[in-house]
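Here's the structure we're looking at; comments come further down.
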Amino acid sequence: MKNPETAYKRRQQHYARLHNRQDRAANRISKIRLLFSLAGILISGALTGINKDSMAALVLFITLCVFIPLVIYHRRMKVKSRYSEALRKINEEGVLRIKGDWHSFLDKGEDFKNEAHNYEEDLDVFGEVSLFQWINAGKTDLGRKKLGEYLSNPSKELEDIRGRQGAIEELSKQLRWRQRFAAEARLAAEDIFNPEPLFQWLKSPDTIYRKAWVLVLMYILPGLTLVLGWLSFVSQTIPYGFFVAAVGVHLGMLKIGSKERAEIFQTVYRYKNDIGIYIGMITWIEQQEFQNPYLNKIKTQMMNEKKELPSSQIKNFFRVVEVFSQRYNAAFFLINLLLLWDYHGLWMLERWKNDSGTYLHQWLKGIGEIEALASLSIIGFEHPDWTRPEILRGEPVLFAEAMGHPLLAQKCIRNDLKVKRPASVLLITGSNMSGKSTFLRSAGLNLVLAYAGAPVYAKRFQCAVMEIYTCMRVQDDLGQSISSFYAELLRIRKIIEAVKEEKAVFFLLDEIFKGTNSHDRHLGAKTLIRQLIQGKTMGLVSTHDLELGELEQETQGIVRNVHFKEYYEEDQLKFDYKLRPGISTTRNAMYLIKMAGIDIENG
């Protein structure tokens with residue numbers, strides 16, 4: 001396999017050149033179109049001036065025949081140019097991710113943040129410098145939501161996890177397909193709308209426009225009105241009043257239910273551009289021959305009972321929307337008045353809704369799921385040295401060899417980790433800034449990726465299916481009048497409740513009970529750890545309280561001591577971020593206090 005960064009750079013350069021060529025071609029066509037149309041108009045005008053009307057008409061006809069293909073060609077070239085630019089941008093982002101410069105990516109998943117979640121806030125799943133910001137390549141609303149679900153609440157059925165693993169591994173090898181699939185969504189001029197209002201319309205009951213008598217009226221009345229118009233204005237065999245009366249009936253029918261129709265048209269028309277994007281994405285899914293059963297299952301679920309291609313059905317919807325999209329033009333009022341076009345538009349929409357509308361949700365759901373899997377597959381492509389985790393049945397266990405923090409891959413010291421009964425709790429001690437919190441997040445984030453089905457940052461990784469709970473970043477909530485200490489108690493209570501329900505729990509506790517005095521903190525932490533080891537639990541606890549190290553002997557090794565240490569070189573405090581067995585024997589608080597300018601000797 002080519003070096004990922006090299007592959008990205010070559011593709012970036014290729015699409016940049018292609019975009020420039022297409023842009024220049026589009027500009028040339030635009031100029032030719034303008035010059036040709038002006039020349040045609042001038043020549044036609046000159047011919048008219050010398051009474052060569054037939055020649056003038058012929059020139060105008062030829063001008064029109066050439067002008068229309070030029071317009072179509074120009075439009076296609078602009079779309080191709082935008083497509084190439086989207087692909088260039090996708091590869092540029094790949095280079096930034098590999099270099100660790102992805103913090104500028106705009107989509108951080110802020111709308112998915114949930115402070116009450118078991119681990120999202122502590123493990124930087126969403127928000128600034130987050131897992132979502134790093135890996136998300138999705139643009140559709142359902143694609144973003146599905147990735148958010150994979151990272152915060154994925155199915156933990158073993159077969160589902162393994163199915164996602166296989167799907168993600170296959171997609172990681174399909175760079176060209178993934179990028180072209182993603183580029184379709186980027187052709188949207190603006191953000192792709194949340195399709196929920198469209199789904200609500202599809203679930204709504206049939207309106208009167210599906211009634212047989214309405215169908216009869218909307219064909220008979222316009223036909224009768226046009227005949228009356230012909231008889232009144234052309235043959236002049238009947239008074240104008242008959243035609244005026246017929247138009248009055250049309251006007252009355254258009255006023256009845258006009259607000260309801262306008263709302264439906266507005267809802268559907270709002271998604272016109274999005275539907276065009278979905279057609280492109282579904283077409284790429286249909287054309288790809290997947291090998292993985294999980295991907296083929298998604299593909300199959302997008303088909304209806306007749307095994308019709310989703311793209312053809314969505315194209316039918318697109319055509320229907322195109323039919324009444326002209327209702328916002330000034331000339332449409334007259335057409336609508338004479339032909340009852342609103343009724344025809346609603347009838348076509350309702351027919352499509354009954355024939356195919358019930359499947360739209362599963363089409364878009366399939367797009368979103370593959371988009372989310374494609375986002376996660378980026379990890380395997382960009383980091384071929386990362387490993388596919390082994391998900392085990394049975395008792396809680398976590399084993400990792402050379403594990404690192406996924407978001408710090410460029411500058412991360414890797415450590416081994418083994419948490420397995422009977423030693424089910426690691427008590428991590430060490431001085432300030434030695435790496436305790438980062439190590440906790442490394443374990444937590446790699447578990448999140450493992451359950452999502454993605455590769456993890458380790459040489460080897462085994463884990464059982466467990467519920468992740470954390471208590472790390474806890475702050476005051478002034479709005480709820482909750483202190484940080486009380487907020488910490490609420491988080492810990494959730495863990496205890498999960499233990500009592502006999503769930504398999506993996507917990508991460510960072511400096512627990514730091515909001516109280518040292519005596520109560522020590523007693524509370526000791527009691528909590530003793531309670532946690534009673535259930536089907538395991539986890540990591542970081543602390544500055546070295547006295548808690550006594551628990552290793554008191555629990556006969558169920559709690560195991562490990563630590564990080566610092567060292568001094570040329571009077572500078574340094575860290576190697578390597579995990580070692582045993583309790584910490586060093587401290588650096590006084591040194592850091594001195595660095596802050598506080599005079600300890602004269603204090």
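Any read-out appearing in this document is the output of simple, stated calculations on the displayed coordinates, not a laboratory observation. As the structure is a computational prediction, the values presented were derived from the model and not from experiment. Here the Cβ is made from the backbone with ideal geometry for all residues, glycine too, and neighbour counts use every protein chain on show.
A straight Cα-to-Cα reach below 19 Å connects Lys353 with the aspartates and glutamates Glu196, Asp206, Glu260, Glu263, Asp274, Glu305, Glu308, Glu322, Asp342, residues fewer than 8 places away in its own chain not being considered. Evaluating 6.51 cos²θ - 1.76 cosθ + 1.60 at θ = phi - 60° for every residue in the range 233-239, the Karplus couplings come out as 9, 9, 7, 6, 9, 10, x Hz, glycine and proline recorded as x.
Please list, in order, the residues from the range 495-521 whose amide nitrogen is less than 19 Å from a point placed 7 Å along the Cα→Cβ vector of Ala116. 495-499, by backbone N distance to the label point. Based on C-alpha pairs under 8 angstrom that are at least 6 apart in sequence, the chain has a relative contact order of 14 percent. Given R0 = 41 Å, the distance between the Cβ atoms of Leu226 and Gln287 translates into a calculated FRET efficiency of 0.35. Listing Phe381, Phe199, Phe181 from fewest to most neighbouring C-beta atoms within 10 Å gives Phe199, Phe381, Phe181. Taking other Cβ atoms within 10 Å as a rough exposure proxy, Lys578, Lys255 sort from fewest to most as Lys255, Lys578. Computed extension length for Asp355-Arg460: 32.8 nm, one decimal, from 0.36 nm per residue of separation with the Cα-Cα distance subtracted.
How about the range 386-426: which trypsin sites (Lys or Arg not before Pro) there are in a DSSP loop, with at most 14 other Cβ atoms within 10 Å of their Cβ? In loop regions of the range 386-426 (DSSP not H, G, I, E or B), the sparsely surrounded trypsin sites (Lys or Arg not before Pro) are Arg393. Could you check the simple spin-label distance between Val79 and Ser312, using points 7 Å along Cα→Cβ, in nm with one decimal? Each label point is offset 7 Å from its Cα along the Cβ direction, giving 2.0 nm.
Each of His563, His361 was scored by other Cβ atoms within 10 Å of its Cβ. Listed from fewest to most, they are His361, His563. Span-like helix check, the chain: qualifying full DSSP H segments, with Cα axial length of 27 Å or more and mean Kyte-Doolittle of 0.0 or more, are 53-99, 360-382.
Entry note, the chain: the mean residue ellipticity at 222 nm calculated from DSSP H runs of n ≥ 4, each adding -39500 (n - 2.57), is -18500 deg cm²/dmol after division by the residues and rounding to the nearest 500.
Give Lys146/Lys173; Lys99/Lys272; Lys145/Lys503 a once-over and call out the pairs whose C-alpha atoms are over 31 Å from each other. Table pairs above 31 Å Cα-Cα are Lys99/Lys272. Pairs Lys418/Lys526; Lys459/Lys578; Lys113/Lys565; Lys494/Lys536; Lys80/Lys315; Lys420/Lys459: which exceed 24 Å Cα-Cα? In this structure, Lys113/Lys565 lie more than 24 Å apart at Cα. Here the gap between Ile208 and Lys420, fully extended at 0.36 nm per residue and compared with their Cα-Cα distance, gives a gain of 69.8 nm. Per-residue extension of 0.36 nm, minus the Cα-Cα distance of Lys494 and Ala262, leaves a gain of 78.6 nm for this segment.
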